[in-house]
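The values are calculated or read from the model by the stated rules, or taken from the named source; none is laboratory data. None of these values were measured; they are calculated from a predicted model. Neighbour counts are summed over all protein chains in view; Cβ atoms, including those assigned to glycine, are modelled from backbone coordinates with ideal geometry.
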Amino acid sequence: MDGSQPYNPRTVEEVFRDFKGRRAAIIKALTTDVEEFYQHCDPEKENLCLYGFPSEQWEVNLPAEEVPPELPEPALGINFARDGMQEKDWLSLVAVHSDAWLLAVAFYFGARFGFDKADRKRLFNMINDLPTIFEVVTGIAKKQAKVKSSVSNNSNNKSKSNSKPRGSESQEKFPKGSQLKDEDEEGLEEEDDDEHGETLCGACGDNYASDEFWICCDLCEKWFHGKCVKITPAKAEHIKHYKCPSCSNKRARAS
């Protein structure tokens with residue numbers, strides 16, 4: 001037991017900081033330093049690994065010689081596939097294996113430092129709140145960030161929308177899925193958030209954001225930022241059937 005004394009201070013927070021440092025290093029290698037990383041991964045060399053360090057520095061090097069190694073090893077031979085596939089696909093493949101390696105290292109520490117079930121769960125939840133390296137490298141993280149923003153503000157917007165008066169012919173002017181009755185909202189919340197993330201403004205083409213007012217055209221059924229069509233929430237309360245500028249112009253020309 002004496003040999004484990006130096007590791008006693010290791011906590012969930014410290015392992016998570018270690019994880020974040022290694023993650024930042026690998027993201028740097030696969031994004032901002034990608035040209036340098038590419039040059040290091042010469043297929044003519046032996047099996048190479050991509051290492052990320054807690055200091056946020058990365059390195060391409062040979063694997064450890066001793067077996068088993070002090071820490072889990074990254075994917076072996078990432079350099080061999082470099083010229084055999086498109087660069088973006090190769091980087092995505094390295095990213096996926098790097099994600100697996102980071103989890104392996106984090107939970108290796110968890111086992112070594114005696115984390116119990118609650119600590120392991122807390123560590124995983126902290127890790128899971130961050131986008132994966134694969135999501136960052138492929139650009140998925142940017143899309144998810146918009147949806148996540150919608151999720152985090154969802155309850156506030158529901159309370160605001162529920163406080164508004166509902167007339168017999170009027171409807172809430174928010175993107176589809178947000179007009180759910182109270183008893184349906186909790187069960188279908190995740191499905192609604194996905195729909196929100198896919199909704200685009202018919203005027204500017206930007207994604208739905210839960211902290212912005214939106215309104216739907218009753219003719220073409222497209223959604224618009226209120227600011228794009230100069231409609232405020234107060235004005236919307238008095239509109240029974242909203243027609244967007246495009247539909248209004250079409251009807252004017254037809255008459």
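Taking ILE78 and the conditions (1) modelled with pLDDT of 95 or more; (2) of a type in the set (Val, Ile, Thr); (3) within 26 Å of GLU14 (Cα to Cα), which numbered condition does it fall short on, given that it satisfies the others?
Condition not satisfied by ILE78: (3).
Of the residues GLU66, GLU73, GLU87, GLU59, only one is under 22 Å from PRO131 (Cβ atoms), surrounded by fewer than 17 Cβ atoms within 10 Å (Cβ to Cβ) and of a type outside the set (S, T, N, Q); which?
Sole residue among the options that is under 22 Å from PRO131 (Cβ atoms), surrounded by fewer than 17 Cβ atoms within 10 Å (Cβ to Cβ) and of a type outside the set (S, T, N, Q): GLU87.
State all residues of the stretch 29-73 that are hydroxyl-bearing (Ser, Thr, Tyr) and under 16 Å from SER98 (Cα atoms); if no residue qualifies, say none.
THR31, TYR38, TYR51
Checking LEU123 against (1) in contact with a helix residue (DSSP H, G or I) (Cβ under 7 Å, 6 or more places away or on another chain); (2) at pLDDT below 95; (3) more than 23 Å from LEU30 (Cα to Cα), only one condition comes out false. Which one?
In the conditions (1) in contact with a helix residue (DSSP H, G or I) (Cβ under 7 Å, 6 or more places away or on another chain); (2) at pLDDT below 95; (3) more than 23 Å from LEU30 (Cα to Cα), LEU123 misses (2) alone.
Would you check if there is a residue in the stretch 132-144 being modelled with pLDDT of 95 or more, surrounded by 14 or more Cβ atoms within 10 Å (Cβ to Cβ) and not in a helix (DSSP H, G or I)?
The answer is yes; a qualifying residue exists.
Right, ALA234: among the small types (Gly, Ala, Ser), modelled with pLDDT of 80 or more, more than 11 Å from CYS201 (Cα to Cα) and not in a strand (DSSP E or B) or not?
For ALA234, the condition - among the small types (Gly, Ala, Ser), modelled with pLDDT of 80 or more, more than 11 Å from CYS201 (Cα to Cα) and not in a strand (DSSP E or B) - is met.
Would you confirm whether or not the stretch 193-211 contains a residue that is in a helix (DSSP H, G or I), more than 30 Å from ILE27 (Cα to Cα) and either modelled with pLDDT under 85 or not assigned by TED's automatic domain parsing to the domain that holds ARG22 (or both)? Working first, answer last.
Here is the first cut: in the stretch 193-211, the residues in a helix (DSSP H, G or I) are 193-198.
Imposing the further condition that a residue be more than 30 Å from ILE27 (Cα to Cα) reduces the set to none.
No; the residues of the stretch 193-211 include none that is in a helix (DSSP H, G or I), more than 30 Å from ILE27 (Cα to Cα) and either modelled with pLDDT under 85 or not assigned by TED's automatic domain parsing to the domain that holds ARG22 (or both).
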